[in-house]
Amino acid sequence: MLIDRYITKAQFHAFAIVFISLAGLTFVVDAFTNLEEFINHAGEGGGLALVLGSYYGYRLISFFDATSPVIALASAMFALSWLERHNELTALLAAGITRWRIARPAIVFAAAVSLVAAANRELVLPAVRHHFARNAQNLGGDQKTPFEARYDHRTEILFRGRHALLIDQTIDSPSLLLPPTLAHYGPQLDAQTMQWRSATDTRPSGYLLTGVREPSDIDRIEPINPAVILTRSAADWLEPRQCFVISDVAFEQMIGSANWRQYSSTPELVQSIANPSLGLGPDVPLRVHARFVAPLLDMSLALLGIPLVVGPNRRGIFVAVGLCVLMTVVFFAVVMGSHALTTGDLFSPSLGAWIPLLILGPLAAWRTQPMWQ
């Protein structure tokens, strides 16, 4: 129908304008704040334009994930308010077209944006999340960052070290505190560097320790079963003064990076919950449940805002925009408050993720009910 194409085209244009404007403003401010770092890295990064394009190109994907529900609502408000401003909404209603029929293209557009955002979270962001680990101060990944001690709950080894280096996934001056079950190797392992190695067909995943200082006779120590620490006496692929510590705590998890929590796919998050080495709190199960709830919450946000323009009790455009902003603040306050109570162990992860929908879903249905009349 002509009205569908007309409203969808207006909403698409509004979405593009708002998205580009917000992203451009955010990135321009950030670029000028960190301009010196970008210029210093331009020589090895292929030029300033290429460095900026690569850095903010990937962050544009993350920006879409964070802002798509709000921008979809803003574009719907703009498209429908445009009809109101030019008295086209009154003409459509006078022609016998129902409010729900007028709002349908905006609702379908919001649903499409929600599905694209869900696909982005599951397919695109996990594939490029390593690019988010480097900020403007560490574009090359060659700057050392302080390393906080991390515990492997399966092997009961406490990993300690001085600094972490992203570019080659190493930790310098590692000092691993060993549990009583591994007292065969001594109280701790001290080395010059420790590097993450993914699992292969011939060995499991873990960390290669090079330049082992303690115990000094590491090359002659025979591994014990079940094997947690491999030495040169049992693994001929190791060099002198090297050993291999088996661990399922990946490097980005070992250094406490939030990227793997925020940008991993749902199957990866489920696997991490089942990983006994991590000992995760309620935040990761909460994120898994929130992934399933997110599209429904996005639609609830759209259905809460659209009746402000199309509903029978229409007000002025500026009043509708103000009420929409207030409603959006309340929406995110409910969602973030529920998540905060979950991380504070007051709610279970499943309850904390679904409570916002149980509150906002019926409210959205109640708000849209007059449009059916």
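Taken together, the values in this text are just the output of simple stated rules run on the coordinates, not laboratory data. Because the structure is predicted, anything quoted here is derived from the model rather than measured. Quick reminder, even Gly has a Cβ in these numbers, built from the backbone with ideal geometry, and neighbours come from all protein chains shown.
Going by neighbour counts of Cβ atoms within 10 Å, the residues 338, 216 line up, fewest first, as 216, 338. Highest mean first, the peptides 22-30, 147-155 sorted by other C-beta atoms within 10 Å per residue fall in the order 147-155, 22-30. Relative to the longest principal Cα axis of the chain, at what angle does helix 48-85 sit, 0 to 90 degrees, rounded to 10? Once rounded, one gets 30 degrees.
The separation of segment 38-67 from segment 201-242, counted between C-alpha centres, amounts to 40 Å. Dividing the summed helix terms, -39500 (n - 2.57) for each DSSP H run of n ≥ 4, by the number of residues in the chain produces a 222 nm estimate of -18000 deg cm²/dmol to the nearest 500. Any idea what angle helix 283-305 forms with the longest principal axis of the chain, computed on alpha-carbon atoms, 0 to 90 degrees, nearest 10? Long axis of 283-305 versus the principal axis of the chain: about 10 degrees.
Provide the FRET efficiency to the nearest 0.05 for the residue 145-residue 270 pair, computing r from the beta carbons and using R0 = 30 Å. My answer for the efficiency is 0.55. Distant-in-sequence amide contacts of residue 250, defined by a placed amide H-H separation under 5 Å and a gap of 5 or more residues or a different chain, comprise nothing. Note on segment 167-319: dipole from Cβ charges, positive end direction compared against 207, 267, 257; the farthest Cα belongs to 267. Summarising the label geometry, the points placed 7 Å from Cα in the beta-carbon direction at residue 168 and residue 52 lie 3.3 nm from one another. Taking the three principal axes of the alpha carbon atoms in segment 1-158, the coordinate ranges are 70, 44, 20 Å, sorted in descending order. Highest mean packing comes first when the peptides 106-115, 261-270 are listed by Cβ atoms within 10 Å, giving 106-115, 261-270. Stretching the chain fully between residue 348 and residue 262 yields a gain of 29.0 nm (0.36 nm per residue, less the alpha carbon separation). Each peptide in 39-48, 54-63 was scored by the mean count of other Cβ atoms within 10 Å over its residues; highest first, the order is 54-63, 39-48. Label-to-label distance, residue 136 versus residue 26, with points set 7 angstrom from Cα along the beta-carbon direction: 1.4 nm.
Computed over segment 149-255, relative contact order equals 20 percent, with contacts defined as Cα pairs under 8 Å that lie 6+ residues apart. When all alpha carbon pairs of segment 149-255 are counted in 5 Å bins from zero, the resulting P(r) reads 2, 13, 26, 29, 21, 8, 1 %.
Here the Karplus curve 6.51 cos²θ - 1.76 cosθ + 1.60, taken at θ = phi - 60°, turns the phi angles of segment 17-26 into couplings of 5, 5, 5, 5, 5, 5, 5, x, 4, 5 Hz, with x standing for Gly and Pro. Once backbone amide H atoms are built at 1.01 Å from N, residue 193 has 173, 210 as its partners under 5 Å, excluding neighbours fewer than 5 places away on the same chain. What is the distance in Å between the Cα centroid of segment 330-361 and that of segment 136-189? If you average the Cα positions of each part, the centres end up 35 Å apart.
In order along segment 235-248, the phi-based Karplus estimate (6.51 cos²θ - 1.76 cosθ + 1.60, θ = phi - 60°) of 3J(HN,Hα) comes to 10, 6, 7, 7, 8, x, 6, 10, 8, 10, 9, 6, 7, 9 Hz; Gly and Pro are listed as x. Rounded to the nearest 10 degrees, the angle from helix 317-343 to the longest Cα principal axis of the chain is 30 degrees.
For the chain, the direction-averaged projected area of the alpha-carbon convex hull comes to 23.0 nm².
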